[in-house]
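A short worksheet on the structure shown next.
The values are calculated or read from the model by the stated rules, or taken from the named source; none is laboratory data. Note that the coordinates shown come from a computational prediction; the quantities given were computed from them, not determined experimentally. Using ideal geometry, Cβ is built from the backbone for each residue, glycine included, and neighbour counts are taken over all protein chains shown.
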Ligand SMILES: [Fe+2]
């Protein structure tokens, strides 16, 4: 095996029978002394370093790489730590997990927790958050019939975040509806509010009363469908991960617009992480007319596949249940119900996905799974 080589811009060192390269700026920036020991924030300033920052010497010392820099400073790096970065592993992030995709028969297997259990047991919140990361859905049962019940449940994951509807929304028929949700009509499969620059992350839908005839809930794991599209129609898949599609939501006093990709990819592992799909909030597509020739077939095929019965989980949401789902990953909808057949009221709100992941990292570190299923590297 060759010795360490000092190049103009970085170091080559032997690692597992190959020579591996590390950039000087990256190494200097990530010296263990770069962080404040109590806050874990970086206090080192790479901007102050010389343009020609380089190592004057470097050697392996047991399980460490030792480096002397051009200004005389010495850094030490754990070789296992360097190897993890070289391999592009998930760097100890517990919240980067492989998604478990599901089909239309998922209802009996859907993760379920009782309100009292998650309110009392942080380990159950960790299990609930894990189900949200892995499967994107969970059902909370035995909810109190109160606004406070929903708020306290959400706050286990984070702060309730407002949308342009406010902090919460109520899905029930209105005399002058500004949104199809507030009628008795069917709601086609969609994700909520893609017209917002940061579309809502985790959605809570608390069923307070459901005495209406009809109105079954529809949920689809869009990652399953997007993966199937990638398999069968790779060109369509590529188009939907690249085109920026305009969305718009208006009320009597709001005009909210942004552009989103129909299919989103997870920068951590390249998996399909979610979708932005809402025909009733889609604005006029503004690509060139020639591009419409390729965009529309892709868009239509994906939308048709979303509605395929093999992917569609259909069930009746009952009073006292709260459906919690990843609004970027799970498309949802509703069958029509018979107006006047009985009261129907769902109260909803959102929490950011980042809050969910943060809660999971903290709680899972404190309450590891008994079977040591956590696979993150040290
Ligand atoms: Fe919705």
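So how many residues does segment 181-193 have that are modelled with pLDDT of 95 or more and away from the ligand (no atom under 11 Å from the Cβ)? Of the residues in segment 181-193, 0 are modelled with pLDDT of 95 or more and away from the ligand (no atom under 11 Å from the Cβ). Note on segment 322-342: among residues that are at negative phi and assigned to a loop (DSSP other than H, G, I, E, B), the one that is nearest to the ligand (Cβ to nearest atom) is 327.
Kindly check whether there is at least one residue in segment 258-267 that is in a loop (DSSP other than H, G, I, E, B), within 30 Å of residue 135 (Cβ to Cβ) and modelled with pLDDT under 95. The answer is yes; a qualifying residue exists. Taking the criterion of being at pLDDT 95 or above, more than 16 Å from the ligand (Cβ to nearest atom) and more than 15 Å from residue 127 (Cβ to Cβ), the residues of segment 343-356 that qualify are 352, 353, 354, 355. Taken over segment 337-360, residues that are surrounded by 18 or more Cβ atoms within 10 Å (Cβ to Cβ) and under 27 Å from the mean Cα position of the chain (by Cα) amount to 12.
Would a scan of segment 119-138 turn up a residue that is closer than 21 Å to residue 364 by Cβ and within 16 Å of the ligand (Cβ to nearest atom)? Checked against the condition, which is being closer than 21 Å to residue 364 by Cβ and within 16 Å of the ligand (Cβ to nearest atom), segment 119-138 yields at least one hit. Based on this model, can you work out whether residue 170 counts as under 25 Å from residue 351 (Cα atoms), within 13 Å of the ligand (Cβ to nearest atom) and within 18 Å of the chain's Cα centre (by Cα)? No. Set side by side, the residues 209, 220, 118, 137 differ, and just one is more than 16 Å from the chain's Cα centre (by Cα) and buried (at least 19 other Cβ atoms within 10 Å of the Cβ), which is 118.
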